Amino acid sequence: MSKEKALQPALRFNVFEGDWVTSDFQGTFSYISNNSLSRAALNERAGLAKNIHYGDILIKFGEVLDISANQVPYITNDSLAKKLIPNRLKNGDIVIADAAEDSSVGKCTEIINLGENILFSGLHTIAVRPTTPFAPKYLGYFLNSDCYHDQLLSLMQGIKVLSISKSAIKDTFVRYPQNQVEQKKIGDFFQHIDQQLKLHQLKYTKLQQLKKAMLGKMFPKAGAKVPEMRFTGFSGDWETKVFKDSFNYIANNSLSRAQLNDKSGLAMNVHYGDVLIKFDEVLDVFETNIPYISNEALVSNLMPNCLQNGDIVIADAAEDTSVGKCTEIYNLGEQLLFAGLHTIAIRPSTPFAPKYLGYFLNSNLYHDQLIPIMQGTKVLSISKSSIKETLIYYPNDLAEQTKIGNYFHNLDRLIVLQQQHINKLKNIKQACLEKMFV
């Protein structure tokens, strides 16, 4: 890789040198007519031709659209599709979303592996075809990089919905190395990252699906006495106990976000928003960033309500039926921790194996009991009095509880690992998009 020069990228493949070429948009592309077919005129099953809707560019399609590997909607009316044939797309064409609710307007996709498919550019799109040859995939990545997209920001029109037009983008500039071998290397490099991202995303999705399925099978169905799936060596009916006989309450505080900080303090505080969005079923205090209480003078007054390992913190308010989501305190060590705003904190009155309750209380078997007792319209809530008669299911054998808790905890670790792989690849891609274009 070479050092950055005037019109050379900061990061470059070995062997290649020389300044990149700059050309204006209108001199680089010719326009292809699009159509205005709505979603209602398309289908996912069959048809003579496929059609690219701007919504799919913004949300579903990547920088490069491999027609052989992606589902693209069909035009339902074949007679209409035949009339559009003069505007069919080719490999290397670019389809740009010309409208969006935010600055993602201008996101685009390059067509590859079209084969014999008939494909058109649809509603709220601008379709362009290079007037000179480019290596496959190069333009798809360049036109989505900040180097190009930042030029569009000042050209966007609108308030609630932003848009760009052909006349607005005609004077934007396109930069590229003249050597198509270098263009190809750049395109292939980013496509390889995208393929790795897709692979890890698929693994992540499968692990999430496995967890959801096992949460349904490793806890009994409502009214049943044993689960559908069980570890070898365990038998006998599970116990059922009402909530009020299973837990003691721990007082929470009402400290707002403004009274917390992410840097330091004598004690940490569990805010309901973090329970709903950030924390999993088991909260490993040692491994997780939890906000601190800014005013240390307040901490001494809260000491009688300090949480312990095995305590459960429930979010008692939410904008949807996620209210009731909770987290079990784990790996607390010497850290001082309290239950904060809009939470219900509880402590088991009899011993449970670590992690078991965190997964059970977030399973459908328990959470479905909360849905009929939720109160409110815009904001839903539950109360101590409303949940006191809900039912707790558990096997008597602590060894079985331990196996269940450990199984799901290990599954969560694999899910986190996959998410870390995904984030790392996204960061690499973003950094390279910034350094490999000018």
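The values are calculated or read from the model by the stated rules, or taken from the named source; none is laboratory data. This is a predicted model, so every value here is computed, not measured. Methodologically, a virtual Cβ is constructed for each residue, glycine included, from the backbone with ideal geometry; neighbour enumeration extends over all protein chains shown.
Only one entry of Val323, Val313 meets the criterion of being in a strand (DSSP E or B), at pLDDT 95 or above and buried (at least 17 other Cβ atoms within 10 Å of the Cβ), and that entry is Val313. Can you name the residue in segment 150-194 that is out of contact with any strand residue (DSSP E or B) (no Cβ under 9 Å at 6 or more places or on another chain) and polar (S, T, N, Q) and is also nearest to Glu101 (Cα to Cα) among such residues? Across segment 150-194, the extreme among qualifying residues is Ser154. Summed over segment 180-225, the residues that are surrounded by 15 or more Cβ atoms within 10 Å (Cβ to Cβ) and outside any helix (DSSP H, G or I) give a count of 3.
Of the residues in segment 253-288, how many are under 12 Å from Gln335 (Cβ atoms) and under 30 Å from the mean Cα position of the chain (by Cα)? Number satisfying all stated conditions: 9. When the test is whether a residue is more than 26 Å from the chain's Cα centre (by Cα), part of a loop (DSSP other than H, G, I, E, B) and not charged (D, E, K, R), Gly62 does not pass it. Restricted to segment 134-163, and to residues that are over 27 Å from the mean Cα position of the chain (by Cα) and assigned to a loop (DSSP other than H, G, I, E, B), which residue is nearest to Gly106 (Cα to Cα)? Applying the filter and picking the extreme gives Gly158. When Ser235 is tested against (1) at pLDDT below 95; (2) over 21 Å from Asn362 (Cβ atoms); (3) not assigned by the TED database to the domain that holds Asn362, just one condition goes unmet, and that condition is (1).
When the residues of segment 268-297 are filtered to those that are assigned to a helix (DSSP H, G or I) and modelled with pLDDT of 95 or more, the one that is surrounded by the fewest Cβ atoms within 10 Å (Cβ to Cβ) is Ile277. One residue alone among Asp237, Asp245 is within 25 Å of Lys388 (Cα to Cα), among the charged types (D, E, K, R) and in contact with a Ser or Thr (Cβ under 8 Å, 6 or more places away or on another chain), and that residue is Asp245.
Checked across segment 288-305, the condition of being within 20 Å of Ser349 (Cα to Cα) and of a type in the set (D, E, K, R) holds for no residue.
When segment 299-310 is filtered for residues that are among the hydrophobic types (A, V, I, L, M, F, W, C) and crowded, with 17+ Cβ neighbours inside 10 Å, the ones remaining, listed by number, are Val299, Leu302, Leu307.
Is it true that Ala41 is surrounded by fewer than 19 Cβ atoms within 10 Å (Cβ to Cβ), free of Cβ contacts under 8 Å to residues at least 60 places away in the same chain and either hydroxyl-bearing (Ser, Thr, Tyr) or within 15 Å of Ser121 (Cα to Cα) (or both)? In short, yes.
Of everything in segment 134-157, what is aliphatic (A, V, I, L, M) and closer than 12 Å to Val438 by Cα? Give them in sequence order. Matches in segment 134-157: Leu143 only.
Out of the residues in segment 378-413 meeting the condition of being part of a helix (DSSP H, G or I) and more than 32 Å from the chain's Cα centre (by Cα), tell me which one is surrounded by the most Cβ atoms within 10 Å (Cβ to Cβ). By that ranking, first place goes to Glu400.
Of the residues making up segment 362-377, those that are outside any loop (DSSP other than H, G, I, E, B), under 24 Å from Asn248 (Cβ atoms) and within 27 Å of the chain's Cα centre (by Cα) are Leu365, Tyr366, His367, Leu370. Filtering segment 81-106 to residues that are more than 14 Å from Ala127 (Cβ to Cβ) and touching a residue at least 24 places away in the same chain (Cβ under 8 Å) leaves Ala81, Lys82, Ile85, Ala99, Ala100, Glu101, Asp102, Ser103, Ser104, Val105. For segment 86-95, indicate whether the set of residues that are over 29 Å from the mean Cα position of the chain (by Cα), assigned to a strand (DSSP E or B) and not basic (Lys, Arg) is non-empty. There is no residue in segment 86-95 that is over 29 Å from the mean Cα position of the chain (by Cα), assigned to a strand (DSSP E or B) and not basic (Lys, Arg). Which one of these does Asn34 not meet: (1) loosely packed, with under 13 Cβ neighbours inside 10 Å; (2) out of contact with any Pro (no Cβ under 9 Å at 6 or more places or on another chain); (3) at pLDDT 95 or above; (4) not in a helix (DSSP H, G or I)? For Asn34, the exception is condition (1).
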